[in-house]
């Protein structure tokens, strides 16, 4: 009671990116493996620098099909898509 409250976030941890794909794509495509249910940590919200999405990668990498790729600024493309649809509806 009377103590300061702290906002926390649960985040999932992933492996380092596949070096071959990273080099092949000039540091553009980050494909990582999820480290499992035990790889969830709780952090202070104030330590978050950016928010990304890890989306299932549809190809097998290194014999593993459970890979994910990084997307930054997810949602900006959705906004642009909505604008394009609205423009077509106005024609």
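The values are calculated or read from the model by the stated rules, or taken from the named source; none is laboratory data. Remember, predicted model here, so these are calculated numbers, not experimental data. Here the Cβ positions follow ideal geometry from the backbone for every residue, glycine too, while neighbour counts run over all protein chains shown.
Worth pointing out:
- If you go through the range 23-48 and keep only what is closer than 18 Å to residue 73 by Cβ and surrounded by fewer than 11 Cβ atoms within 10 Å (Cβ to Cβ), you end up with 27, 28.
Yes/no matrix, rows are residues, columns are (1) modelled with pLDDT under 85; (2) in contact with a strand residue (DSSP E or B) (Cβ under 8 Å, 6 or more places away or on another chain); (3) exposed (fewer than 10 other Cβ atoms within 10 Å of the Cβ); (4) part of a loop (DSSP other than H, G, I, E, B):
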position: 6; (1), (2), (3), (4): no, yes, yes, yes
position: 17; (1), (2), (3), (4): no, yes, no, yes
position: 21; (1), (2), (3), (4): no, yes, no, no
position: 50; (1), (2), (3), (4): no, yes, yes, yes
position: 71; (1), (2), (3), (4): no, yes, no, no
position: 86; (1), (2), (3), (4): yes, no, yes, no
